[in-house]
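Written below as structure tokens is the structure these notes are about.
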Amino acid sequence: MFSFFKKKTPTAAPVATVAGAPEAAITTAAPVEAPVAERKSWLDKLRTGLRKTGSGIAQVFTGTQIDDALYENLESALLMADAGVKATEYLLVDLKRRVKEARVTDPSAVKALLVDTVTDLLLPLQRPLTVGLHTPTVIMVVGVNGAGKTTTVGKLTRHLAESGQKVLLAAADTFRAAAKEQLAVWAGRNGVEIVSQEGGDPSSVTFDAVTAGKARGCDVVIADTAGRLPTQLHLMEELRKVKRVIAKAQAGAPHEVLLVVDGNTGQNALAQVKAFDDTLQLTGLIVTKLDGTAKGGVLAAIALWARERGAGVNGVTGPVPVYFIGVGEQLEDLETFDAREFATALLG
């Protein structure tokens, strides 16, 4: 079970809202932690997925002294791990500072300091996804083709449903063949309802879904949108339209705009994050497919960009968080992001 939900306290009957009256305070429950054994199994998969990167970086610390050669080799290893030039420079400067302050002389001890350095860079990305503060909480999911967007929506739906949330799906990907059918399969597996149209407009589908979600007392409405490249400006503009239409259906929505990013795409993932954020003002990320050739270092690049981005959106201060990372196709292969866990796995 995910450890991110903050759910409304159940009530005996729906509470009517009087126009002009202040909203009732919502009591939230403490997040439920995933079972230790389940989390450990998932961490093993994460370590396996990032093993190539971890072994490459670990080799840097097999020498006998801390010198310029060690830092040069580490720089190369971080660049090979897709950390990017700016993030690599940032990590090296911070690491050298820590080494000097701790008066470390053993190269193996430098690796432990590097774990701390990467963890501190990634820590602002670690934040739980909150549902239940709005009825319904509307989540818009975007991304390029092949990132695993619809599958991620299905996994997220399963965990929400298992946590007692009433979920409604919007099949707003009206371009890809069989996208609606794929989402319908997930809806059937999870026992949730789906709103779709034959040849319908994405904005029309999402409007109908949010309206239906409000009428049916749903806790969460998730809109699965069509995948597109950031360079397809007319299609990116359509995503803006979908977002505007959602806001017309429910004031203040969407409450979350989540970008699904394929971890195998390296620095291109950062370019996607920037482009979609410019268009939609992202509120969160989900990084998938960290079980194959993915190198994982791109999260450091994303974290540095997020830090420079400054204040968040929708009234949330801070960088765009990484809510989840995925290491496979199974339901249990999508888990909440933990900065230290990831840094430890990344560095072997």
Sole miss for Thr293 among (1) farther than 22 Å from Thr225 by Cα; (2) part of a loop (DSSP other than H, G, I, E, B); (3) at pLDDT 90 or above is condition (3)
Here the residues within the range 216-248 that are in contact with a Lys or Arg (Cβ under 8 Å, 6 or more places away or on another chain) and of a type in the set (A, V, I, L, M, F, W, C) are Cys218, Val220, Ala226, Leu235, Met236, Leu239
In the range 49-67, anything surrounded by fewer than 17 Cβ atoms within 10 Å (Cβ to Cβ), over 17 Å from Ala77 (Cβ atoms) and at pLDDT below 80 is listed as Thr64
Expected output for the range 169-195 (first residue touching a residue at least 60 places away in the same chain (Cβ under 8 Å), partner part of a strand (DSSP E or B), Cβ below 8 Å, 6+ apart or cross-chain) is Ala172/Ala223; Ala172/Asp224; Ala172/Thr225
- Hey, does the range 219-226 have a residue that's more than 21 Å from Leu133 (Cα to Cα), in contact with a strand residue (DSSP E or B) (Cβ under 9 Å, 6 or more places away or on another chain) and at pLDDT below 90? yes
Considering the range 157-204, residues that are of a type in the set (Asp, Glu) and either part of a strand (DSSP E or B) or surrounded by fewer than 16 Cβ atoms within 10 Å (Cβ to Cβ) (or both), and then whichever is farthest from the chain's Cα centre (by Cα), we arrive at Glu198
Note: among Lys155, Lys100, just one is at pLDDT 90 or above and in the same structural domain as Val257 (by TED's automatic domain parsing), namely Lys155
Expected output for the range 44-55 (first residue under 14 Å from Val298 (Cβ atoms) and of a type in the set (Gly, Ala, Ser), partner modelled with pLDDT under 80 and surrounded by 16 or more Cβ atoms within 10 Å (Cβ to Cβ), Cβ below 9 Å, 6+ apart or cross-chain) is Gly49/Asp291; Gly49/Ala294; Gly49/Gly328
- prompt: In the range 224-236, is there at least one residue being without any contact (Cβ under 8 Å) to a residue 60 or more places away in the chain, more than 21 Å from the chain's Cα centre (by Cα) and in a loop (DSSP other than H, G, I, E, B)?
  reply: yes
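The values are calculated or read from the model by the stated rules, or taken from the named source; none is laboratory data. Predicted, not measured: the structure shown is a model, and the values here were computed from it. Because the Cβ atoms are built from the backbone with ideal geometry, glycine has one as well, and the counts that use them run over all protein chains shown.
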